[in-house]
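Below: the structure, in structure tokens.
Read the figures in this text as sums done on the coordinates, not as results from a lab. Owing to the predicted nature of the structure, the values given are computational and were not obtained by experimental measurement. Cβ sites come from the backbone with ideal geometry, for glycine too, and all protein chains shown count toward neighbours.
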Amino acid sequence: MILAAALMACDVSPSPAPSPSPSAPTQAADLRTQLDLLLTEHVVIVAKESAAAINHSAEYAGYTALLATNETALSRVLRGAFGSTAAATFSQAWITQNEYLVDYAIGVATHDTDKSKAAIGRLNQLSTPRLADVLAGLTFGQAGEFSTLLASELSSIREVIDGAAAHHYAAMYLSLTSGISTAVTLGDAVGGKIAQQFPDKYPGDQMAPEVVRRVRLNVLMQERAYLVTMATESQVTSRSDEKAQALGALATNLDLIVSQLDNARTRQVWVDELSSLQRYAVAGDAAAKNALTEAFVSRLASTSSVSPGVLSNQVNATIKVIDDQRTKKFDDVADDDRAAATSMQPVADSL
């Protein structure tokens, strides 16, 4: 009996494998990311549409149409939170704002002072207060908070348009960065209030460090995609002063991207990619293309957690935009530009 008891004491059955910890819910994080991406994209599209009007480029129609694409996507996100009626109210206020922004750009481009003044007056006195009231009503927030953010963003957008018209590209790109930053703050404010209002629909912590990092990388990488095609556009059209400022904006953007990464070795990979993109914009040659589709993809995949397939999709989408710019396929540029920016999202999520 003593021996049996001893044997039983030594017979330790293997413990069951611990259950994996459930993943944190991502709905709140997804909401914040979507809103920030769409609101910052809006600022960039207005800048590109306005620049096309000022430069009398046939790309104007495509980028103006992208404002509607962006609005539809933004309204879809809000419809998921508040329902169709509330989303329609927001949509109409947002569309009206876009119409006034287009009017302002046309007025500046055509030197029609009366038109541009009237548009700014309507933006300041009508659409901004209306949008602030709509957002406050939806989120139970303060109209004053939204009014301040919308007015700040409008000021930056106006400075972008004025800078493009006056060929003050340094001011233009600084104001573009400022507008993007304000749009992020606006998106965070709206997203935070929605998540608080509907915790069952949007569970998760929007302020968790990993969520903050994800949002920052997504916004920065989208910004990079759009800045790249601004730089190549200025290269193709021989606007050397703008090209210098676009490259400067990209350098600042890259500093911010690298600050979010654990592996700083990727910096040189991104620098080399930009050089290859610029070479391709000049000549459209096979060597520059191979440097992008093969060397860049291989190097970044080997120094990061981004898969070669995801990188190839983004690189090829960017090359298509440059091909459009080089061959003057003006009807295709805007949609392809957005496709290249959108394809940067899985890159950002993988970094």
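Here are some notes:
- Diagonalising the gyration tensor over the Cα atoms of the stretch 116-181 and scaling each eigenvalue by 5 before taking the square root yields semi-axes of 26, 14, 6 Å, largest first.
- Unit Cα scatterers, Debye sum, the stretch 25-206: log10 I(q)/I(0) for q = 0.09, 0.12, 0.13, 0.15 Å⁻¹: -0.31, -0.54, -0.63, -0.83
- Computed over the chain, the P(r) curve from all C-alpha pair distances, binned at 20 Å from the origin, holds 29, 53, 13, 4, 2, 0 percent per bin.
- Residue pairs, from the table Lys243/Lys320; Lys117/Lys329; Lys117/Lys328; Lys117/Lys243, whose Cα atoms sit over 22 Å apart: Lys117/Lys329; Lys117/Lys328; Lys117/Lys243
- Where labels lie 7 Å past Cα in the beta-carbon direction, separation of Val271 and Ala68 in nm: 4.4 nm
- When +1 charges are put on Lys and Arg Cβ atoms and -1 charges on Asp and Glu Cβ atoms, the dipole computed for the chain relative to its Cα centre reaches about 140 debye.
- For the stretch 67-83, putting each phi into the Karplus relation 6.51 cos²θ - 1.76 cosθ + 1.60 with θ = phi - 60° gives couplings of 4, 5, 4, 5, 4, 4, 5, 5, 5, 4, 5, 6, 5, x, 8, 10, x Hz, in residue order, rounded to whole numbers and with x for Gly and Pro.
- Evaluated at q = 0.13, 0.16 Å⁻¹: base-10 log I(q)/I(0), Debye formula over Cα of the stretch 208-351: -0.52, -0.80
- Ranking Ile194, Thr26, Ala166 by how far each Cα lies toward the positive end of the dipole of the chain (charges on Cβ) leaves Thr26 at the top.
- The chain: relative contact order as a whole-number percent, Cα under 8 Å and 6+ apart: 19 percent
- Full extension of the chain segment joining Asn263 with His167 gains 30.8 nm, where the gain is 0.36 nm per residue of separation less the Cα-Cα distance.
- Compared with the dominant Cα axis of the chain, that is its longest principal axis, helix 143-165 is turned about 60°.
- Extending 7 Å from the Cα toward the beta-carbon at both Arg76 and Ala58 defines two label points whose distance is 3.0 nm.
- A crude spin-label estimate for the pair Asp285 and Gln125, with each label 7 Å from Cα along the Cβ direction, gives 5.8 nm.
- Within straight-line reach of Lys201, meaning a Cα separation under 24 Å, sit the following lysines at least 8 residues removed in sequence or on another chain: Lys193.
- Helix 84-109 axis, angle to the chain major axis (alpha carbon atoms, nearest 10°): 40 degrees
- Computed from backbone phi with θ = phi - 60° and the Karplus coefficients 6.51, -1.76 and 1.60, the 3J(HN,Hα) list for the stretch 330-343 is 5, 6, 9, 4, 4, 4, 5, 4, 5, 4, 5, 5, 5, 5 Hz; x is used for glycine and proline.
- For the chain, the longest principal axis of the alpha carbon atoms and the long axis of helix 266-283 meet at an angle near 40°.
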